[in-house]
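Colleague: Here it is: the structure, laid out below.
The values are calculated or read from the model by the stated rules, or taken from the named source; none is laboratory data. Please read all numbers here as calculations on a predicted model, not as lab measurements. With ideal geometry, Cβ positions are generated from the backbone for all residues, glycine too; neighbour counts draw on all protein chains shown. The protein model used for the area step is the full one, side chains on, heavy atoms only, and it has no ligands, DNA or RNA in it. Shrake-Rupley method; radii C 1.70, N 1.55, O 1.52, S 1.80 Å.
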Amino acid sequence: MEYSHLLTERLSLDAVTHDDLDQVHALQADPQVWRHLPAGRHDTRERTAAYIASIERGWAADGLGYWAIRPGRGQGGSLPGGILLGVGGCTVRHDAMWNLYYRFSPAAQGHGFAAEMVKAACDAAADLRPDLPLVASVLAHNRSSQATALRAGLEQVWRGPDPGNPDVSAVRLIYADRPLSDGLIETLTGLKLGVADPAGPA
């Protein structure tokens, strides 16, 4: 099945391309989008262009990646058809896992759009490479992202520090649809197991 364009109940999902640069940069440069990780904000269009190029490579390699998420059918005219609600989907990382990603504009949050996109992404990943675990990595203080991962049926499998985060007190949580090997967790976190706390409630 072709996944570069999908329609869900309310959303139109299209593979991110360079044509989306203006809208994707506006999203990624919005401080409100990055309130949980200010260092992640895109401060130049060049950074966003490089980000989009990596997304395009993922689509070419794996047949799935991140979508530009816009209003689709069933919106009843409540949102302009061309507006970018967010970016999200699944991409293969380390040839060992599907990385589940979702980032929405503040105006698009709280409407269930993330859950709708995530379901489409999880279904596509399971169809293409069911052998790979589905993984979401979120910050412990980002409660909405945690809730989205849990609604997708993922469970917390690791909790520990977040190397490279300017906030040295930040805690990273890893959610997955199955147990992960110690080696994969170490690859994802850059840490040796035993440095971090065991998985536990956020």
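Colleague: Scan region 34-54 and give yes if some residue there is closer than 21 Å to V118 by Cα and among the acidic types (D, E), otherwise no.
Modeller: no
Colleague: Take V87 and tell me if it is modelled with pLDDT of 95 or more, assigned to a helix (DSSP H, G or I) and either more than 15 Å from L11 (Cβ to Cβ) or in contact with a helix residue (DSSP H, G or I) (Cβ under 8 Å, 6 or more places away or on another chain) (or both).
Modeller: no
Colleague: Condition first: open to solvent by 20 Å² or more (accessible area, probe 1.4 Å), modelled with pLDDT of 95 or more and part of a helix (DSSP H, G or I). Now tell me which residues in region 118-146 satisfy that.
Modeller: Scanning region 118-146 gives K119, C122, D123, A126, D127, L128.
Colleague: Further question on the same structure: Restricting attention to region 104-112, does a residue exist that is aliphatic (A, V, I, L, M), surrounded by fewer than 17 Cβ atoms within 10 Å (Cβ to Cβ), closer than 30 Å to S12 by Cβ and at pLDDT below 95?
Modeller: The answer is yes; a qualifying residue exists.
Colleague: Sticking with this one: Hey, can you tell me all the residues within region 147-188 that are open to solvent by 30 Å² or more (accessible area, probe 1.4 Å), of a type outside the set (K, R) and in a strand (DSSP E or B)?
Modeller: E155, Q156, V157, P161, V171
Colleague: Mind checking which pairs have a first residue in region 29-52 that is assigned to a helix (DSSP H, G or I) and a second that is loosely packed, with under 10 Cβ neighbours inside 10 Å, Cβ under 6 Å, 6 or more apart or different chains?
Modeller: From residues that are assigned to a helix (DSSP H, G or I), the pairs are A39/P166.
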